[in-house]
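To start, the structure itself, in structure tokens.
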Amino acid sequence: MIKLAIDLGSSVTKIFRIGSGIVLAEPSCVAVSSGTNTVKAIGEDAKLLIGKTAEYTTIVSPVFEADIVNESMAAVMLSYFLQKIEIGPSRARKAEAVFAVPCGASEELLDKYYRLADACKLGTVRFAEVPFLAAFGQNLTLSETNPAFVIDLGGGNTNIAAFSLDGVIAGVALNIGGGNIDSHIIDKVAESFNLKIGLQTSEKIKNTIGSLYKNDNDSMVVNGRDITTGRPRSVAVSSPDVYECMQVFADKIVEYTGMVLAKLPAEVSASVWHSGIYLSGGLAGLIGLSDYLSSALQMDVYVSDEPQMAVILGGGAAVGNDDILETIRIDY
């Protein structure tokens, strides 16, 4: 049987196949002809068009803030990705797939995932919450008596949870992620430099010079459109220029992490304080974030070697081990 783990992220969709490892990681977007929904490009090819399309092309993001907001386009996108890894409808019927879903996923959301799997002809479908998969993807040791605390920072969703193999002790899924920082950077550059930039440029600023160290002063030249004249123009943007954009997001994570920590029983709290917090997700590598959180929360904070791949690697571990999957899967 073909065994797959699927992480349908707001920014990137990843697929793990038993026997092959991670076989796909592509942007979760579709380019369509405006008004007709005729698909023009999917994944990496569609992302290249963001901010560069004419009025007759629209970029669709089927997954937004961890919710499937466009089921038909999500099915088109995932079917295309499956075809790309040589799993057409006939082979998909023989596949077992584990989907990564947010902490505390609602029945309504699970229904959407189930309909998506059905539209893609996937045979057997299971669901597992992101924090568990992130823990397994970082090789953390879990048991009924050994809790872990994980913060998974994605493009459109953040999961914060303390849990053991017995289940989630306290946790929350937030509709915030790296995309919020990108939007804030766009507004900040417009305010500070009178320059309009696009999403891809703001994402590059975040990943290149965005920092939570106040004394960092890296800079980069960015291109955009002068808001007053409408003409192309370049400016040099430095780390201090966008520090506030990083800090607002980090402070929100600190706030909600504190709320989750406050809900823990005393023994669990003591165990978590001793073992520390583990960061995963594409935003976990943001410069200075782990130190900022550690200082604010007065706890050790660790980042995995490949934080952006932790969830999908954990999904691979789960789908390849019936005992693990039986323990952590969500009943549907």
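Structure data summary
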{"item": "Some residue of region 284-301 being closer than 30 Å to LYS3 by Cα and modelled with pLDDT of 95 or more", "result": "yes"}
{"item": "When residues of region 125-145 are limited to those that are over 16 Å from the mean Cα position of the chain (by Cα) and surrounded by 14 or more Cβ atoms within 10 Å (Cβ to Cβ), the one nearest to LEU165 (Cα to Cα)", "result": "LEU142"}
{"item": "Cβ pairs under 6 Å, 6+ apart, first in region 141-160 and farther than 16 Å from VAL268 by Cα, second polar (S, T, N, Q) and at pLDDT below 95", "result": "GLY155/SER10; GLY155/SER11; GLY156/SER10"}
{"item": "Condition met for ALA236 (over 23 Å from VAL168 (Cα atoms), out of contact with any Gly (no Cβ under 8 Å at 6 or more places or on another chain) and either outside the structural domain of CYS103 (by TED's automatic domain parsing) or at pLDDT below 95 (or both))", "result": "yes"}
{"item": "Region 55-72 residues that are over 13 Å from ALA31 (Cβ atoms), paired with ones that are in a loop (DSSP other than H, G, I, E, B) and among the acidic types (Asp, Glu) (beta carbon under 9 Å, 6 or more apart)", "result": "none"}
{"item": "Condition met for ALA41 (under 25 Å from GLY179 (Cβ atoms) and under 19 Å from the mean Cα position of the chain (by Cα))", "result": "no"}
{"item": "Some residue of region 107-117 being more than 23 Å from the chain's Cα centre (by Cα), touching a residue at least 24 places away in the same chain (Cβ under 8 Å) and surrounded by 15 or more Cβ atoms within 10 Å (Cβ to Cβ)", "result": "no"}
{"item": "Some residue of region 84-101 being at pLDDT below 95 and under 20 Å from ASP323 (Cβ atoms)", "result": "no"}
{"item": "Residue match in region 189-203 (condition: assigned to a strand (DSSP E or B) and either of a type outside the set (A, V, I, L, M) or touching a residue at least 24 places away in the same chain (Cβ under 8 Å) (or both))", "result": "yes"}
{"item": "Leading residue by the ranking (nearest to ALA250 (Cα to Cα)) among those in region 152-184 that are among the hydroxyl-bearing types (Ser, Thr, Tyr) and surrounded by fewer than 24 Cβ atoms within 10 Å (Cβ to Cβ)", "result": "SER183"}
{"item": "Which numbered condition VAL221 fails, given (1) closer than 21 Å to ASN159 by Cβ; (2) surrounded by fewer than 16 Cβ atoms within 10 Å (Cβ to Cβ)", "result": "(1)"}
{"item": "Selected residue (criterion: nearest to GLY155 (Cα to Cα)) from residues of region 195-217 that are basic (Lys, Arg) and surrounded by fewer than 21 Cβ atoms within 10 Å (Cβ to Cβ)", "result": "LYS204"}
{"item": "Every residue from region 58-76 that is among the polar types (S, T, N, Q) and either surrounded by 20 or more Cβ atoms within 10 Å (Cβ to Cβ) or not in a helix (DSSP H, G or I) (or both)", "result": "THR58, SER61, ASN70"}
{"item": "Single condition SER11 does not satisfy, out of (1) touching a Phe, Trp or Tyr at 6+ places or on another chain (Cβ under 6 Å); (2) buried (at least 21 other Cβ atoms within 10 Å of the Cβ); (3) not hydrophobic (A, V, I, L, M, F, W, C)", "result": "(1)"}
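This table checks each residue for (1) without any contact (Cβ under 8 Å) to a residue 40 or more places away in the chain; (2) in contact with a Pro (Cβ under 7 Å, 6 or more places away or on another chain); (3) not assigned by TED's automatic domain parsing to the domain that holds ASP218.
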| position | (1), (2), (3) |
| --- | --- |
| THR257 | no, no, yes |
| LEU261 | no, no, yes |
| LEU264 | no, no, yes |
| GLY276 | no, no, yes |
| SER280 | no, yes, yes |
| LEU283 | no, no, yes |
| TYR292 | no, no, yes |
| ASP300 | yes, no, yes |
| ASP323 | yes, no, yes |
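Residues are listed down the side, and each one gets a yes or a no for (1) under 28 Å from LEU279 (Cβ atoms); (2) small (Gly, Ala, Ser); (3) not assigned by TED's automatic domain parsing to the domain that holds LEU264:
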{"position": "ILE68", "(1), (2), (3)": "yes, no, yes"}
{"position": "ARG91", "(1), (2), (3)": "no, no, yes"}
{"position": "GLU96", "(1), (2), (3)": "no, no, yes"}
{"position": "ALA105", "(1), (2), (3)": "yes, yes, yes"}
{"position": "LEU110", "(1), (2), (3)": "yes, no, yes"}
{"position": "LEU116", "(1), (2), (3)": "no, no, yes"}
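The values are calculated or read from the model by the stated rules, or taken from the named source; none is laboratory data. Just so it is clear, the model here is predicted, and its values are computed rather than measured. Note: ideal-geometry Cβ built from the backbone for every residue, glycine included; neighbour counts use all protein chains shown.
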